[in-house]
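Please treat every number below as a calculation from the coordinates, not as lab data. Treat the numbers as computed from the prediction; the structure is a model and nothing was measured. Note that each Cβ is placed from the backbone with ideal geometry, even for glycine, and that neighbours are counted across all protein chains shown.
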């Protein structure tokens, strides 16, 4: 294993006693929670995450991607799904309780402002960083972002029919994310479960349709940003290679310390000096998709 010595993250990760302000429950044990953590909220970037204590009786924290930030109010929002003891305990926390929160952790997405058509792709619990990124992109008036989200369980938000026309997509595919719709950013949803208004297929299938409808010049203005399960990200990388598009992916890995000490979340990355093991928590979670060795 490569002994990585980069310690640039030291001193940048804060520990804050965060107050739980709100908890909203969605189908299939999905929850969106809002936390009052002003210092972390002030430094958070799209793609960074927090390492959150779930209960005083559980020593191990859980890494959760940041979905939205209100810097003026000092509030950050995260999405999680109950998958084990820790997230089950987190779902049972009551409004007003305080949770130890470490963050923001990791390197976020780097905007490529030379490419004016950002394509955002999110799958499952990989959707939150895309929401955060979309809000940042909305501030860049010259950009024309488009977002595609996929899930095989009900989406953890109130799906709304889009009023924004996206050329070359099936007329019946109108399901959209409410936050992006309010930002006037077109978005579409995908699933294999037959949900109303959703595209029946994978996110990469819909992305291909959208890309094929663009001229060659327009395709050259696209950049891809994605987060989701590794199988989806591998397919996104293949898509980017097929169309010769730069792509950044936020990887999902199990984490213990989340601050680079345990090296339990390493992945193989093709660096300028050859393949090396890098830590998803602090060297990532965002990497150049074309440098990830998907089958090391």
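Taking only Cα atoms and a 10 Å spring cutoff, compute GNM fluctuations for the chain and point out the largest among 162, 12, 221.
Among 162, 12, 221, the largest GNM mean-square fluctuation belongs to 12.
Would you mind telling me which residue in 144, 92, 268 has the biggest mean-square fluctuation in a Gaussian network model of the chain, where springs connect alpha carbons within a distance under 10 angstrom?
In the Gaussian network model the winner is 92.
Could you pull out which residues in segment 155-176 have an amide N less than 15 Å from a spot 7 Å beyond the Cα of residue 200, following the Cα-Cβ vector?
In segment 155-176, the label zone of residue 200 (backbone N under 15 Å from the point 7 Å along Cα→Cβ) covers 170-174.
Using a Förster distance of 25 angstrom, determine the FRET efficiency expected from the C-beta separation of residue 115 and residue 192, and round it to 0.05.
In this case the efficiency is close to 0.25.
Would you kindly state how much longer the chain becomes between residue 212 and residue 43 on full extension, computed as 0.36 nm times their sequence separation minus their alpha carbon distance, in nm to one decimal?
That pair, residue 212 and residue 43, stretches by 57.1 nm at full extension.
Take residue 140 and residue 295, extend 7 Å from each Cα along the Cα→Cβ direction, and tell me the distance between the two endpoints in nm.
3.3 nm
Cα gyration tensor of segment 100-227, axes a ≥ b ≥ c as square roots of the eigenvalues: rounded (a/c below 1.5), prolate (a/b > b/c) or oblate?
oblate
Along the Cα→Cβ direction, 7 angstrom out, place labels at residue 242 and residue 272. What is the inter-label distance in nm?
Those two pseudo-labels are separated by 3.2 nm.
Per DSSP H run of at least 4 residues, take -39500 (n - 2.57); add these up for the chain, divide by its residues and hand me the 222 nm value, nearest 500 deg cm²/dmol.
When only DSSP H runs of four or more count, the value is -5000 deg cm²/dmol.
How many nm is it between the label spots at residue 12 and residue 172, if each spot is 7 Å from the Cα in line with the beta carbon?
4.7 nm
Rounded to the nearest Å, what's the spacing between the alpha carbon centres of segment 220-254 and segment 146-182? Just the number, please.
Computed from Cα coordinates, the inter-centre distance equals 20 Å.
Under a GNM of the chain (C-alpha, springs under 10 Å), which listed residue has the highest mean-square fluctuation: 116, 217, 56?
Judging by the Gaussian network model, the answer is 217.
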